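The values are calculated or read from the model by the stated rules, or taken from the named source; none is laboratory data. The structure presented is a predicted model; accordingly, all values stated were derived computationally and were not measured. Glycine also receives a Cβ, built like all others from the backbone with ideal geometry; neighbour counts cover every protein chain displayed.
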């Protein structure tokens with residue numbers, strides 16, 4: 001999922017950074033003081049699960065949890081994901097600084113889209129709807145992120161087509177796992193701390 005340094009063309013990197021900065025700026029404005037701990041915890045969760053990855057071509061296979069972040073944070077997922085990616089790039093050389101914008105958009109934009117698609121079902125309070133929304137959100141958010149990575153690579157160089165196909169194929173089982181984890185996490189939060197899933201940061 002992390003696109004490494006030196007992979008993307010300058011125009012793609014510039015467009016990614018522009019969109020990321022816009023998303024982070026808007027997301028930061030949406031964060032209220034009382035929600036800062038929630039943003040920090042979810043950013044930390046994203047940071048940790050992304051550390052366990054298997055390199056595949058120009059990217060890596062790992063859990064993301066961006067669907068869960070999107071449901072609970074809305075637009076605040078942008079700054080939460082960017083901070084985690086920045087730390088991963090600086091501390092562990094996952095991704096990189098020049099590709100930070102592209103990686104942020106590829107993971108945060110699907111999270112925000114899933115927030116708007118599934119927030120109604122999650123806030124309904126119905127266990128079955130929450131489980132279905134959680135699985136669909138986790139699966140779809142990762143699928144959209146993979147699609148964004150594939151598009152990013154193809155916009156850079158058509159020669160990346162084979163690598164893009166490999167990335168898409170190896171992530172299919174991860175999409176299912178991501179959906180199951182997101183569903184279980186939402187059901188746990190509904191039982192242990194229901195106020196977290198009732199109102200997102202937006």
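Looking only at residues in the stretch 135-166 that are touching a residue at least 60 places away in the same chain (Cβ under 8 Å) and more than 12 Å from the chain's Cα centre (by Cα), the one that is surrounded by the most Cβ atoms within 10 Å (Cβ to Cβ) is 152. Taking the stated definitions as given, is residue 116 assigned to a helix (DSSP H, G or I) and on the phi < 0 side of the Ramachandran plot? Here the answer is yes, as residue 116 does meet what is asked. Among the criteria (1) assigned to a helix (DSSP H, G or I); (2) more than 30 Å from residue 184 (Cβ to Cβ); (3) in contact with a helix residue (DSSP H, G or I) (Cβ under 9 Å, 6 or more places away or on another chain), the one residue 76 does not fulfil is (2).
Assess whether residue 196 counts as being crowded, with 21+ Cβ neighbours inside 10 Å, at pLDDT below 80 and either in contact with a strand residue (DSSP E or B) (Cβ under 6 Å, 6 or more places away or on another chain) or part of a helix (DSSP H, G or I) (or both). No; evaluated as a whole, the condition is false for this residue.
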